[in-house]
Amino acid sequence: MNIKWPVVLLLLGMIAFSCASDEDKKGRFLLKGNNELAEGNTKGAIGYYDEALAIDPAFKEAYYNRGLARHRQLRYPEAIADFDKAIELDETYRDARLQRIMAYLDFGEYYKALENSNALVASDEADEQAHFVRGLTLSALKEYPEAKQAFLQALALNPENVELHINLATVHYHLDDWETALQDLTRARKLDSRHSMIYNLQSLIQFELGDYQKALDSVEEAIDLEKDQPFYYNNRGLYRLYLGELEEGLKDINFSLKQDNRNLYALRNKGIYYFKKGEMEMAERFLREVYEKDPSMALVEEYLQSAR
């Protein structure tokens, strides 16, 4: 027995060293992945998270961060699966629950997002972000009065959150309460005058009021602040159509579609372009496609009837 003790002690030491080493390795892979994600290299980030998970298949943070990376790649089902796994490992993992709701929203699974956001609010009524994502979900479902209440509840908890003022303005815009929406945007601007969404939404309201040049000026401010947002280019394209700049407008609309070919508003605007060009058959084709997917979208029925 005395002869075997050193061997046993050596093996135990090797096991302890191996465990500590694995813990360090997976942490380093997570950190490297996070650095790549911060640099915009989602593919590289996922590679590092995979390495971390190969060491520890129960590493919840690696699942969570890989979910973030996959979400950025628009791989929504895979992102949701990663958030599911992180939550399975830790049911109290709030960030994973929040991001899973956002992934459900982007994937169009609004009722799953609503179910999860309701559960998040129920678990903590004082959670500002829970009310916020619930408001986003209700907005996606076009339940605007309920969305308004959710954003107001979040604002009561944090009146300095510029995103909440902008989203409340968006709700008022959809409720055709443009004066209140502009007041919301004024509050948002005082908190952060360089937030691009303020100027984009301001442009939409100016368009509704028939001031197309002001709408164009405002959305160009938004683009100056955030040059890679396809929705802004689509809106600029629409305003240019109404100002008679048809070909410049089409360039913006096509650029937006290249970035996001699922954008129904861009398809609608392309239909409006063909209408203004007098190419009614092409106009009807685009407008009909949009109408079949969202018959409530503004301008669609009006132009579709005129194109027939």
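Some notes on this structure:
- Positive end of the dipole of the chain (Cβ unit charges, origin at the Cα centre): among His172, Ser306, Tyr63, the Cα lying farthest that way belongs to Tyr63.
- Selected from Val171, Val290, Val121 as most flexible by GNM, with the chain as the system and alpha-carbon contacts under 10 Å: Val290
- Under the Karplus curve 6.51 cos²θ - 1.76 cosθ + 1.60, θ = phi - 60°, whole-Hz ³J(HN,Hα) for segment 208-223, x wherever Gly or Pro sits: 4, 7, x, 9, 5, 5, 5, 4, 5, 4, 5, 5, 5, 4, 4, 5
- Full-stretch length increase - Leu299, Asp95 - with 0.36 nm per residue and alpha-carbon distance subtracted: 69.6 nm
- Counting only alpha carbon atoms, the long axis of helix 60-72 and the longest principal axis of the chain meet at about 30°.
- Think of each Lys and Arg Cβ as +1 and each Asp and Glu Cβ as -1; about the Cα centre, that makes the dipole of the chain roughly 740 debye.
- Lys293 accessible area, assembled protein chains, probe 1.4 Å, Å²: 130
- Coil-residue GluC sites (Glu not before Pro) of segment 74-166, DSSP, other Cβ within 10 Å capped at 11: Glu91, Glu125, Glu160
- Area of Ile223 that stays accessible when all protein chains are in place (1.4 Å probe, Å², to 10): 10
- Relative contact order for the chain: 6 percent, from Cα pairs under 8 Å spaced at least 6 residues apart, divided by residue count.
- Here the accessible area of the chain is 51 percent carbon and sulfur, with a 1.4 angstrom probe and all protein chains present.
- When +1 charges are put on Lys and Arg Cβ atoms and -1 charges on Asp and Glu Cβ atoms, the dipole computed for segment 24-107 relative to its Cα centre reaches about 160 debye.
- Those aspartates and glutamates that a straight Cα-Cα span of less than 18 Å connects to Lys214, excepting residues fewer than 8 apart in one chain: Glu179, Asp224, Glu245, Glu248, Asp252
The values are calculated or read from the model by the stated rules, or taken from the named source; none is laboratory data. Just so it is clear, the structure is predicted and the values come from calculations on it, not from any experiment. No Cβ is skipped: glycine too gets one built from the backbone with ideal geometry, and neighbour counts run over all protein chains shown. Each accessible area value is taken on the protein alone, full model and side chains, heavy atoms only, with ligands, DNA and RNA left out. Shrake-Rupley method; radii C 1.70, N 1.55, O 1.52, S 1.80 Å.
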